[in-house]
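What follows is a single structure, written as structure tokens, with notes after it.
Any read-out appearing in this document is the output of simple, stated calculations on the displayed coordinates, not a laboratory observation. What you are looking at is a predicted structure, and each value in this text was computed from that prediction instead of being measured. Methodologically, a virtual Cβ is constructed for each residue, glycine included, from the backbone with ideal geometry; neighbour enumeration extends over all protein chains shown.
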Amino acid sequence: MNTWKTLITDAELLPLDRGLATMHDGAIASDEHGRIVWIGKTTDAVAHENCRESTRQIDGRGRLVTPGLIDCHTHLVYAGSRANEWQQRLAGVSYEEIARQGGGILSTVNSTRSAGLSELITSAVQRANQFLEFGVTTVEIKSGYGLNIETELKMLDAARAVEKETALDVSLTLLAAHAIPPEFKDGANSGAKQYLDEVVFPLIQHCQGKVDAVDVFCESIAFNLEQTKLVFEQAKTASLAIKIHAEQLSNLRGARLAAEYNAWSADHLEYLDEDGVKAMAQAGTVAVLLPGAFYFLNETQRPPVELLRNHGVPIAIATDHNPGSSPVFSLPLTMNMASTLFGLTVEESILGSTVHAARALRRDDDIGTLEVGKQFDVAVWNTAEPADLVYRIGDNLCCGVAKTGEFVIETT
Ligand SMILES: [Zn+2]
């Protein structure tokens, strides 16, 4: 019989395989491969033959132990800051004036293009470690501030380095179709189509087998439905999964199109209609809600949560961390926003950053719940109440994180 490597005892276990039901005096053990091998009562755990002297025992002291949180939508790799631009906007400077000064997404693109790889890695690793402190053990990272082949690949390299240099698992997404770069906007040809042909499509083919998914920003200020479809076709030929930024500012029916391509997720969705919801339900496409951007941009149109519920679409929540529209570092704060701004129940907000976020990344066989056979990725919280994870604003209750059976933030 195998010896247990790590054992947490006396925990208020929240496995999330049965909603918010907790196990009092719970215990959970990992094997030497970082997998969960046993879950049960503490008294049974300490008497178990696999619990030996070499087993590292951690006293949960009655605190909540959950699966590590999963942030399934971030733009974590970038250079530069947009704080000054935000300050100007608050002081009444118009978008046009800010854009004329080189602000907006263009400023992040320029900074990211001129940054060296090591600079991008250093800042992304620092941010990722802040996410970890809030209980996050898996993060999705998108490219999309390079908008040329060289810088998009540099961003993906930086995201891979985050996985190597931190305890986080990283899911990689190519978002070359994020915006049309200025050098194509002024071109004699149709800028978007030329950019897709010369940069996005070659990148997609190059990234076959090297990223997890391809994403598109489908919106009037980015790529239209027809162009989005061309990107999806390219992704399909490269056997890459699909996701989409859709229906954030208007309803272009991008989510419905994505569902037709069996997208893993459709994200934002403030303007999604019932047809789109039905298509997502049928395809099993996860709805990823991003309340941080809604909050920071002072939006008023809420995503159709009731329709998503009625049609059984799984709802995930993510920070959408990015310097322009969601400079949010805390997934628990985002859960609070999802409940206060979008009306999600406590259970929906918790499942949205664990079970359904795992599904949005198609990693639900490995992470998202505490079940035997899954990765021993857990967060320990300084409370026994699941609702506290969502209720508190700005507090950080996370007091321990284990990744594949190793404590990377030690419990105190
Ligand atoms: Zn985004």
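I need the shape label for the range 304-412. Rule: rounded when a/c is under 1.5, else prolate if a/b > b/c, else oblate, with a, b, c from the alpha carbon gyration tensor.
The shape class here is oblate.
Taking 0.36 nm per intervening residue step and subtracting the Cα-Cα distance, what contour gain separates Gln126 from Val372 on full extension?
85.4 nm
Run through the DSSP bridge list for the chain and note the antiparallel percent, rounded to the nearest 5.
Percent antiparallel among DSSP bridges in the chain is about 40.
Under a Cβ-only charge scheme (Lys and Arg +1, Asp and Glu -1), can you give me the dipole magnitude of the chain about the Cα centre, in debye to the nearest 20?
Once rounded to the nearest 20, the dipole reads 320 debye.
Assuming 0.36 nm per residue, please report the length gained on full extension of the stretch Asp157 to Asn298 beyond their Cα-Cα distance.
Length gained, Asp157 through Asn298: 47.4 nm.
Suppose every K and R has +1 on its Cβ and every D and E has -1 on its Cβ; what is the size of the dipole of the range 140-275 about the Cα centre, in Debye to the nearest 20?
300
Taking the Cα atoms of the chain, report the difference between the largest and smallest coordinate on each principal axis, in whole Å and largest first.
Principal-axis extents of the chain (Cα, largest first): 76, 47, 45 Å.
Starting from the coordinates of the alpha-carbon atoms of the range 1-95, obtain the Kirkwood hydrodynamic radius over all distinct pairs and give the value in Å to one decimal.
Evaluated on the range 1-95, it is 16.4 Å.
Using DSSP to define loop residues, name the trypsin sites (Lys or Arg not before Pro) in the range 170-253 whose beta-carbon has at most 13 other beta-carbon atoms within 10 Å.
When the trypsin sites (Lys or Arg not before Pro) of the range 170-253 are filtered for loop state and at most 13 Cβ neighbours within 10 Å, Lys210 remain.
Is the range 60-207 rounded, prolate or oblate when judged by the Cα gyration tensor, a ≥ b ≥ c being the square roots of its eigenvalues, rounded requiring a/c under 1.5 and prolate requiring a/b larger than b/c?
It comes out oblate by the Cα gyration axes.
Enumerate the amide H contacts of Asn251 below 5 Å, restricted to partners 5 or more residues apart or on another chain; note that Pro and chain-start residues carry no placed amide H.
none
Any idea what % of Cα-Cα pairs in the range 169-247 are farther than 18 Å?
The answer is 36 percent, as a whole percent.
Can you put Asp25, Asp169 in order of Cβ neighbours within 10 angstrom, beginning with the fewest?
With the fewest neighbours first, Asp25, Asp169 line up as Asp25, Asp169.
So what is log10(I(q)/I(0)) for the range 116-166 at q = 0.14, 0.21, 0.30 1/Å, when the Debye sum runs over its Cα atoms only?
Result of the Debye calculation: -0.33, -0.70, -1.18.
Expressed in whole Å with the largest first, what are the equivalent ellipsoid semi-axes of the range 210-320 derived from the C-alpha gyration tensor as the square root of 5 times each eigenvalue?
Equivalent ellipsoid semi-axes, largest first: 21, 16, 13 Å.
Indicate the gyration tensor shape class of the range 244-379 (rounded, prolate or oblate), computed on the Cα atoms with a ≥ b ≥ c the square roots of the eigenvalues: a/c under 1.5 is rounded; otherwise a/b larger than b/c is prolate and the rest oblate.
Here the range 244-379 falls in the oblate category.
Looking at the P(r) of the range 349-412, how many percent of alpha-carbon pairs lie beyond 19 Å?
Pairs farther apart than 19 Å: 38 percent.
Here is the link list: Lys210/Lys403; Lys154/Lys374; Lys164/Lys193; Lys41/Lys374. Which ones come out longer than 30 Å on Cα distance?
Cα-Cα > 30 Å for Lys154/Lys374; Lys164/Lys193; rest within.
Hey, what number do you get for the chain at 222 nm if only DSSP H runs of n ≥ 4 count, each worth -39500 (n - 2.57), divided across all residues, to the nearest 500?
Helices in the chain give a 222 nm mean residue ellipticity of -10000 deg cm²/dmol.
Tell me, what does the Kirkwood hydrodynamic radius of the range 40-136 come to in angstroms if you use every pair of distinct C-alpha atoms?
That comes to 18.0 Å for the range 40-136.
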